[in-house]
1. Pairs Lys122/Lys212; Lys128/Lys218; Lys200/Lys241; Lys168/Lys261; Lys261/Lys606: which exceed 25 Å Cα-Cα?
2. Hey, what do the phi angles of region 100-106 turn into as Karplus ³J(HN,Hα) couplings, whole Hz, using 6.51/-1.76/1.60 and θ = phi - 60°, x for Gly and Pro?
3. Highest mean first, how do 315-323, 249-257 rank when packing is the count of other Cβ atoms within 10 Å averaged over residues?
4. Tell me, how many Å apart are the Cα centres for region 484-551 and for region 134-157?
5. Just how far, in whole angstrom, is region 234-307 from region 415-481 if you go by their alpha carbon centroids?
6. Under 14 Å from the Cβ of Asp272, count the other residues' Cβ atoms, weight Lys and Arg +1, Asp and Glu -1, and hand me the total.
7. Please list the non-local residues whose amide H lies under 5 Å from the amide H of Val304, H modeled 1.01 Å from N, same-chain partners needing a gap of 5 or more.
8. Once each part is reduced to its C-alpha centroid, what is the distance from region 562-632 to region 91-133 in angstrom?
Amino acid sequence: MNRKKIHVKIMLCLIIASLCLSSCTPQKIESSGEDKIIVTMLYTSDLPNLEQLVETTYPDIDLQIERNTLSTIDGEMERRLRNGHGSDIVVSTLGTGDVLNYLADLSADDYISAYQSGIMHKTAKDGKNLFIPLPAQYYGYIYNVTLARENDLPIPTTQDELLEMLEKAKEDHVGADENGFVFAVDGTPPTTAVFAIATKIPDFFGLSDGIKWLDDLKNGEASFSGSLETCLDLPLEMIDKGYMNSHPFTAVSNCEPILEKMSNREMLVAFDNVTMLDNIRKNSSDEFDMLPLLSSEGNPAWTVSTPTAFLGINNVLTEDGNEVRLDACRRVLGLISTPEGQDAFMMDNGAADSYLVDYTPTADIVPGGIQDCIENGYNYNISISNDFMRYFGNCCNTVLCGQTDVASAFAEVDEYMQEGDSQNATLIGTINHDMIVENYNVRLEETAIGNLIADAVREITDVDIAVVNGGSIRGSLYEGDIYSYDLDYVCPYQNHIIVLEVNADVIRSMLSNSLSAMVRDVEIPGGRFLNVSGLRYSFTPPTGDTPAQLVDVTLPDGSPLDENAVYTIAVTDYMAGSSGYFDNNGDGFTMLNVYSSDFPKAENVKLVRETEYTLRSILEEYIISHNDEEISSQVEGRITLLNENE
């Protein structure tokens, strides 16, 4: 079957239920002067234009956005809902899974008819509409047009030409980082999954054979093994030829800092989305564009799109007594479902297209390099469930970093497709109050959960001092039973705990570094902020370009550090240089370096012992060892933020 005919049929199905948007356009109302209705929403970034639109249109509503990292938003949101802490407006990048059990039915809301029927069918459950889609992200190859032009690098039109471009760039060290790599994928499982699928869209998924295979897969009649191993051929070739670094695909590494590298001319090409392209353009004077997904068999190029996220309403609001907040949430979703709402979100997020029927963009936001694909109908919307894509991406990562082979990884993928995720639901203990991770608090201040994890590390390793960087704490613990899978969300990283001997100067230097990346209410704070056990410290807040400053460090009883003493301290091997200190790895703790050969080894630091413990496993052992009591942890003044005049 002709590819373009297939796409036309799909598009006809999507617009068959088209209705006029004017029926759901909200009317601006005047504030009654009473207290505003607070509507909460968890998202990965601030949304100032959307907030302004909502609060201008509805002066009685105060839309409050809590920020969370993209890599944990789905698991953390689901756990919050399960424990009664979910936000009013529920955000999910998945649109599937258990989160659907906590959402209000939106089917009767007028704004549902504003969206293309195909995308609404994808997220429906039992015939009910539970989500609306936020605008779409296009994915492709972001490249530096200026660098390519300056160095006579032809713009590739096939996959082979892309590899030739990367080869010449590597030879001439054009758009290369300190290790000579010229191409990047950030390494997060969802992006890896999209990249793997995307490489096969022009030559498989976008063709009739690929469409049939996908239908068979959904019916349990197809498998990845024996069919799709070749989707990793291109990234494996890029790694083998030295164009791309395999390290970001490991579970102990930070993701590739694409924004920084592309903006600084330290990367020529990267696979990512339009939001990343928009951010790069804002941070560089060079010209950037997006290439489509290129064929290796002479087929037309494609682009790929996915909804940025899905929005629903917490089902708790349908209970008696919540009518006012429920109405406010419905008004917010209704406003988002208008062209004005879509435009506001696109300005905040950099998304490039809307799933509204008959939407006309107010600005030229589709990259020129993929314009022809979209105009000619070669835009592929990945319809494999996102929870599966996350698992698939994890398996692909194990191949790309050399931990396993393709056949073994894809056998795991097929097993997952057949049996689902076999999470270990072993009950390990109880806690007597909530310990919440929110608004990046573990990266900014003392928290109960930060104290708990630091205390666990200190007790199990039997050291004087334990420190835990806030970026390694990703999820909350909730009052009641704790199961082993809860800890997978709290401490997901696989770095190991080690014990060092250090002196007082090293401790002060370490704490000063931990305060160096705090930026409150402007950007996401860095993850190096240290939660501590066996220490107390105070600091002044960051002001302007001046980072937070360490003021004082004492032992728990208030006595000063002994300048002649040697202290045992437990840290992660990540902080001590096991992943190096390039590309934001190691969080800048070079004063603890005992592993990396790329930086001088630390002075006055001695490696005492390595352990097999991760933060997750050490927390589990700690909770089990205290199973005769309810676990409790409080904020107790270990970390003090001082005012300027203190």
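1. Values: Lys122/Lys212 18 Å; Lys128/Lys218 20 Å; Lys200/Lys241 20 Å; Lys168/Lys261 19 Å; Lys261/Lys606 34 Å.
From Lys122/Lys212; Lys128/Lys218; Lys200/Lys241; Lys168/Lys261; Lys261/Lys606, over 25 Å: Lys261/Lys606.
2. Coupling constants for region 100-106: 4, 6, 10, 10, 6, 6, 9 Hz.
3. 249-257, 315-323
4. Rounded to whole Å, the Cα centres lie 37 Å apart.
5. What the calculation gives is 33 Å, centre to centre.
6. Working: positive: Lys261, Arg281; negative: Asp186, Glu256, Glu260, Asp278, Asp289.
Neighbourhood net charge equals -3.
7. Tyr139, Tyr380
8. 44 Å
Just so you know, all these numbers are worked out from the coordinates, no wet-lab data involved. Because the structure is predicted, anything quoted here is derived from the model rather than measured. No Cβ is skipped: glycine too gets one built from the backbone with ideal geometry, and neighbour counts run over all protein chains shown.
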